[in-house]
Amino acid sequence: MILGRHQQTTARPSLILTGPAAAGETTALLNVGRTCHLAHMRQNPAPPGSAHAAAPVAYVLVPPGATAKTLITEFARYLGIPVAARMTQTQVTDAVCHTYTQTGVQLVLIDEIHRLNPRTTTGAQTADLLKDLTERLPATFVYAGVNVTDTPCSPAPAAPSSPDAPPSSPAAPSPGTAPANPSATSSPTSKTPSTSTTTNPAPSPGTPPTSTSAPQAASDPSPG
């Protein structure tokens, strides 16, 4: 469960039930709704001989490929609000907000919320509709979906970076490690031949030096 506190002050905190597929998100959502409905019935019993007109809990299933118009129509259908084909989305939204408020809806359950993708134009418009409803209805919204935190529809935004945090700097070299000198590294593709100087090793002690002068010409022996 994730408690959403990121909305503006005009909206109530929301609750998200999420987990892997077939983990029982819908069952848990319905149990929450049933518990709240029974608690409301105990605290606000209907007068004898009259039907209980209040509907404290509403359940809406997000249809596949939902648009803002189709989703608000699902809100209207739950309480039997008539929706004519010529009605605009704004008109249906106004009718839903009026009827939900008059009926006393305190908890709105929205299932399959992972079907929304706010990164698309249609998904963004649908997400804006939900945000508008959370601000206009005096009810708490509870969402359920598969792996909501791993999908684009996750309502939990990334934590903003602190303005006082120092900028990241490159890691300092470890002690005893000489910094690399790019200019001292020869290019492997360089074709300039390198010039090396060969020095003669120094003679070891006790070794007669080797003469490098030309040998003298042998003199002819004098006749005896």
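The values are calculated or read from the model by the stated rules, or taken from the named source; none is laboratory data. All of these numbers come straight from a predicted model, not from anything done at the bench. All Cβ positions, even for glycine, are placed from backbone atoms using ideal geometry, and neighbour counts span all protein chains on display.
Numbers for the structure displayed
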item: Filter result for ALA76 (over 16 Å from LEU15 (Cα atoms), small (Gly, Ala, Ser), out of contact with any His (no Cβ under 9 Å at 6 or more places or on another chain) and buried (at least 19 other Cβ atoms within 10 Å of the Cβ)); result: yes
item: First in region 84-105 and in contact (Cβ under 8 Å) with a residue 12 or more places away in the chain, second anywhere and of a type in the set (A, V, I, L, M) and exposed (fewer than 14 other Cβ atoms within 10 Å of the Cβ), Cβ under 8 Å, 6 or more apart; result: THR103/ALA53
item: Region 113-124, residues that are crowded, with 19+ Cβ neighbours inside 10 Å and either outside any helix (DSSP H, G or I) or polar (S, T, N, Q) (or both); result: LEU116
item: Test: ALA46 is modelled with pLDDT under 90, part of a loop (DSSP other than H, G, I, E, B), more than 32 Å from the chain's Cα centre (by Cα) and farther than 17 Å from VAL148 by Cα; result: yes
item: Any hit, region 55-69, residues being surrounded by 16 or more Cβ atoms within 10 Å (Cβ to Cβ), small (Gly, Ala, Ser) and over 29 Å from ASN117 (Cα atoms); result: yes
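Listed here are the residues, each with its yes/no results for (1) out of contact with any Asp or Glu (no Cβ under 6 Å at 6 or more places or on another chain); (2) of a type in the set (Ser, Thr, Tyr); (3) modelled with pLDDT under 95.
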site	(1), (2), (3)
ARG77	yes, no, no
THR88	yes, yes, no
ASP94	yes, no, no
LEU109	yes, no, no
LEU116	yes, no, yes
LEU133	yes, no, no
VAL148	yes, no, yes
THR151	yes, yes, yes
SER154	yes, yes, yes
